[in-house]
Amino acid sequence: MTIEGGYEPGDVNVVDDEVDEDGDQGNQAEGGSATGVLEYLARSLADDPDAVVVRTEDRRGSVVLRLHVAPDDMGRVIGRRGRTAQAIRTLVGVAGARDEVRTVVDIVDD
Amino acid sequence: MAEGMTLQEQAEVAREFLEGLVERYGLDAAVEVRELDEETVELAATGEGLGILVGPKGATLAALQDVTRAVVQRRFPTRTDRILVDVAGYRERRAAALRRFSQEVASEVASSGELRALEPMSPADRKVVHDTIVEIEGVESRSEGEDPNRYVVIAPTATANVDA
């Protein structure tokens, strides 16, 4: 896949290997279904779904999911007064709860 | 690109999105599309284990609806139709309970002659109350206050002010 916009060559630690938008591969890092749900939500909202990248990190009992999207898609993912971002956090939280992990979603402004 | 897109096309985008999302939770749902009026469509998901997508007091369902609307809006930015999402019949059960409650309050108001102000509610819930009260003789309803604290007042017909 091509990585567009703003990504350093050093960014090799990308969770996203999939090309098929319906594929479930490549999401098996910590946070399993939470990562899959977050990627799906972000890709569905983005004009540039290929730019959506989620990186996960364990932090004392929580999984931090860092969401990167194309700069032009930031507004869409956040929504008016953060409403869409809040909804995303709720839905990712539910997925995490099923796997008994607490999730934190960081929407990263690259 | 969005010009002339129909409500059905929007519903189709919403349905595909919801089915895909449910799958990401490892669940399976059938999503039924119901056109409630010419600018309102409801997507009702049913299936095993979908309760997690309703959440406490419907909070997860509200999030699901927000995101679904945002997804549809991206594709159809010029349309302002209303997309409703229901999961496991939650909205329907809630509406039924709200109708029963409204009827109880209406009969109290009718017999006591004193108006009652209800708790603040969403526009959708207020509509359920208004639609129920309009069918009952001797009482009227109106909304007062500003969202998100807008609430319904049920009053005896004689003293009710005119309002929407």
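Figures for the structure shown
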item	result
Subset tally (residues that are away from chain A (no Cβ under 14 Å) and either in contact with a His (Cβ under 6 Å, 6 or more places away or on another chain) or surrounded by 15 or more Cβ atoms within 10 Å (Cβ to Cβ) (or both)) for the stretch B:34-59	4
Checking residue B:72 against (1) away from chain A (no Cβ under 14 Å); (2) in contact (Cβ under 8 Å) with a residue 12 or more places away in the chain, the condition it does not meet	(1)
Residue check for residue B:124: among the aliphatic types (A, V, I, L, M), at negative phi and part of a helix (DSSP H, G or I)	yes
Residue count for the stretch A:68-92, restricted to those that are more than 9 Å from chain B (Cβ to nearest Cβ), in contact with a Leu (Cβ under 6 Å, 6 or more places away or on another chain) and over 25 Å from residue B:54 (Cβ atoms)	0
Scope the stretch B:60-74; condition crowded, with 17+ Cβ neighbours inside 10 Å and not hydrophobic (A, V, I, L, M, F, W, C); matching residues	B:60, B:65, B:66, B:68, B:69, B:73
So residue B:99, is it among the basic types (Lys, Arg), in the same structural domain as residue B:129 (by TED's automatic domain parsing), surrounded by fewer than 18 Cβ atoms within 10 Å (Cβ to Cβ) and farther than 23 Å from residue A:98 by Cα	yes
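The values are calculated or read from the model by the stated rules, or taken from the named source; none is laboratory data. Please read all numbers here as calculations on a predicted model, not as lab measurements. Virtual Cβ from ideal backbone geometry, glycine too; neighbours counted across all protein chains shown.
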